[in-house]
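All remarks here apply to the structure that follows.
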Amino acid sequence: MLRLVFLCVVAFAALTVVSGQRQVEEVLKWQQVEFDVPASVLSAPDGYIPINNIPMSGVHYKNRVFVTVPRRRWGIPSTLNVVELEPPYPVTNPVLKPYPSFELNELRADLQPDANRLVTVYRPRVDRCDRLWFVDTGMMEIPGNFTVVQRPSIWSIDLKTNQPLSRYEIPQKDVETGYGLTSITLDVDPDDCSKVFVYISDLQTYRMVVYDHENQKSWRFLHNYFFLNPLEGDFNIQGIPFAWDDGIFSIALSNPDPMTKFRTAYFHALSSNSEFTVSTAVLRNETASKRGYHGDDFKLLGYRGAQSQSSIHGFHPETGVIFFALVQLNAVSCWDTRKPFAPQNMAIVYKNDRDIIYPNDLSIDQEGNVWFMSNSIIKLLYTQLSLEEFDFHIWRANIKEIIKGTVCDPTVPPNVDHGQRFGGEQNADRVTFVEYKDKYGPGGGPYGGWGSDDKRKPTGRRP
């Protein structure tokens, strides 16, 4: 059967590529992921299948990096893990240790709900109060066998004692299931660690979930800006064309406004080249979430440039710079939030076409470093991973060093003094119809996924 698919034919915007590579250090890399778990688990049927273990995050705290492996396949012993850092770098094939314990990560044999166990974790984050926060989606995302084990929940763990602090089960009024809850952003009061708001991207239903930790309640927002741009949902990575319809994927927060104490939330869909903003004054207002019309509370910030679809982005409080993980360009870019939002005022600070195959996570630590990870999941989805190759990498870079002298450096003037809201004549995304035979890939229905006649194939979504 033949079908027509959109392939974006694009002309590159004036996104500056920094000459030479900056001070970027590869810290960890894997050919295959192994776990420090009981031998009986590794030898059990479907207990451990190396090719199915795809790391999804690399979040740094002091001398530790937290690495997650979502349960999108059978054979994943632990979803939330930690690696103790010890030079020299890069450390090759470090073994993952379940965090905070194997017992918390071990699934029940009968797959029944258990509030004391984790099912699937994607991208945790660390706050200034030494806590690790994350969403357990509660789902086994096995192709052809999606299983809702339990309700999705928001967790926090004390990083000093390695003990769980809180667990909040997200009610059904906010999300039907945990499918699509793949990134969280923390809004912690500068003076009171008990006052925390958590913003969660729901890329599946195009909504944002807001959790008020102090008052133990949550609500959700729906807005057109959370949807994909249908002209920017086509990708070509490593010569592989495919289409995704992932909506809101990442939220980054500015520093608090000195007067109002609220922050600006920058957000975007994965299948989009645009960036949007909203004040956390709006997001923290449960009543506002019930409105059918939001007026101009949500704003279009501008256009990042052609082929600039970004998975995760992060804000550095000291410099005011945002970093973007660019999935089509195999790169990391930056933008100084004090300058107009335009491709000419952004710079690619690191690009690696060999190793950065789908940069799927990026975070800013408390020591002034940006950390980013790539996991080559495109190979797994559309071609083939090899356990002989290094496909999973985690890098870090000192932020002040990596932006020095670029247009992202606060001491450097902007290249243009006006923002760019849409692609212009020279860099507008254009659409061409291309005909090709169907492949296994993203499917219809609420979960997408692969044809049921090939259980080996993964779902084509949720990277």
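When region 290-318 is filtered for residues that are among the charged types (D, E, K, R) and either more than 25 Å from the chain's Cα centre (by Cα) or surrounded by 23 or more Cβ atoms within 10 Å (Cβ to Cβ) (or both), the ones remaining, listed by number, are K290, R291, D296, R304.
Tallying residues that are within 19 Å of T264 (Cα to Cα), in contact (Cβ under 8 Å) with a residue 60 or more places away in the chain and surrounded by 21 or more Cβ atoms within 10 Å (Cβ to Cβ) within region 204-224 yields 3. Pairing each residue of region 181-193 that is over 17 Å from V135 (Cβ atoms) with any residue that is not in a strand (DSSP E or B), provided the two are 6+ apart or on different chains, yields C-beta distances under 8 Å for D189/K195; P190/P256; C193/D127; C193/R128; C193/C129.
Regarding region 189-203, can at least one residue be identified that is open to solvent by 20 Å² or more (accessible area, probe 1.4 Å), closer than 26 Å to A331 by Cα and either at pLDDT 95 or above or among the acidic types (D, E) (or both)? Checked region 189-203: no residue is open to solvent by 20 Å² or more (accessible area, probe 1.4 Å), closer than 26 Å to A331 by Cα and either at pLDDT 95 or above or among the acidic types (D, E) (or both).
Table: residues versus (1) in contact with a helix residue (DSSP H, G or I) (Cβ under 7 Å, 6 or more places away or on another chain); (2) within 22 Å of L301 (Cα to Cα).
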{"site": "L181", "(1), (2)": "no, no"}
{"site": "I184", "(1), (2)": "no, yes"}
{"site": "L222", "(1), (2)": "no, yes"}
{"site": "L228", "(1), (2)": "no, yes"}
{"site": "I240", "(1), (2)": "yes, no"}
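Exactly one residue out of V175, V135 is aliphatic (A, V, I, L, M), out of contact with any helix residue (DSSP H, G or I) (no Cβ under 7 Å at 6 or more places or on another chain), outside any strand (DSSP E or B) and under 26 Å from Y266 (Cα atoms), and it is V175.
Checked against (1) modelled with pLDDT of 95 or more; (2) open to solvent by less than 10 Å² (accessible area, probe 1.4 Å), P100 passes all but condition (2).
Confirm whether F324 is in a strand (DSSP E or B), in contact with a His (Cβ under 7 Å, 6 or more places away or on another chain) and either touching a residue at least 12 places away in the same chain (Cβ under 8 Å) or open to solvent by less than 10 Å² (accessible area, probe 1.4 Å) (or both). In short, yes.
Looking at region 342-359, can you tell me whether even one residue there is in contact with a helix residue (DSSP H, G or I) (Cβ under 8 Å, 6 or more places away or on another chain), open to solvent by 10 Å² or more (accessible area, probe 1.4 Å) and in a loop (DSSP other than H, G, I, E, B)? So far as region 342-359 goes, no, none of its residues is in contact with a helix residue (DSSP H, G or I) (Cβ under 8 Å, 6 or more places away or on another chain), open to solvent by 10 Å² or more (accessible area, probe 1.4 Å) and in a loop (DSSP other than H, G, I, E, B). Within region 274-289, the residues that satisfy the criterion of being touching a residue at least 60 places away in the same chain (Cβ under 8 Å) and open to solvent by 40 Å² or more (accessible area, probe 1.4 Å) are R284, E286. Scanning region 380-397 for residues that are more than 18 Å from the chain's Cα centre (by Cα) and either closer than 14 Å to N352 by Cβ or not aliphatic (A, V, I, L, M) (or both) yields Y382, T383, Q384, S386, E388, E389, F390, A397.
For R117, state whether it is more than 25 Å from F249 (Cα to Cα), charged (D, E, K, R) and either touching a His at 6+ places or on another chain (Cβ under 8 Å) or part of a loop (DSSP other than H, G, I, E, B) (or both). So R117 passes the test. Could you go through region 229-246 and let me know if any residue there is buried (at least 23 other Cβ atoms within 10 Å of the Cβ) and among the small types (G, A, S). No: zero hits. Restricting attention to region 391-440, the residues that are of a type in the set (F, W, Y) and either in a strand (DSSP E or B) or modelled with pLDDT of 95 or more (or both) add up to 4. Within region 164-177, track down each residue that is farther than 18 Å from R125 by Cβ and either open to solvent by less than 10 Å² (accessible area, probe 1.4 Å) or not β-branched (V, I, T) (or both). Correct list: E169, P171, Q172, K173, D174, V175, E176.
Could you check, for region 42-54, whether at least one of its residues is buried (at least 16 other Cβ atoms within 10 Å of the Cβ), in contact with a Ser or Thr (Cβ under 9 Å, 6 or more places away or on another chain), at pLDDT 95 or above and of a type in the set (S, T, Y)? No: zero hits. Scanning region 398-417 for residues that are of a type in the set (S, T, N, Q) and touching a residue at least 40 places away in the same chain (Cβ under 8 Å) turns up N398, T406, N415.
Determine whether T120 is touching a residue at least 40 places away in the same chain (Cβ under 8 Å), out of contact with any Gly (no Cβ under 9 Å at 6 or more places or on another chain), among the polar types (S, T, N, Q) and on the phi < 0 side of the Ramachandran plot. Spelling it out, it is not the case that T120 is touching a residue at least 40 places away in the same chain (Cβ under 8 Å), out of contact with any Gly (no Cβ under 9 Å at 6 or more places or on another chain), among the polar types (S, T, N, Q) and on the phi < 0 side of the Ramachandran plot.
The values are calculated or read from the model by the stated rules, or taken from the named source; none is laboratory data. Note that the structure is predicted; figures quoted are calculated from it, not measured. Positions of Cβ are backbone-derived with ideal geometry, glycine not excepted, and every protein chain shown enters the neighbour counts. All accessible areas refer to the heavy atoms of the entire protein, side chains included, with ligands and DNA or RNA removed. Shrake-Rupley method; radii C 1.70, N 1.55, O 1.52, S 1.80 Å.
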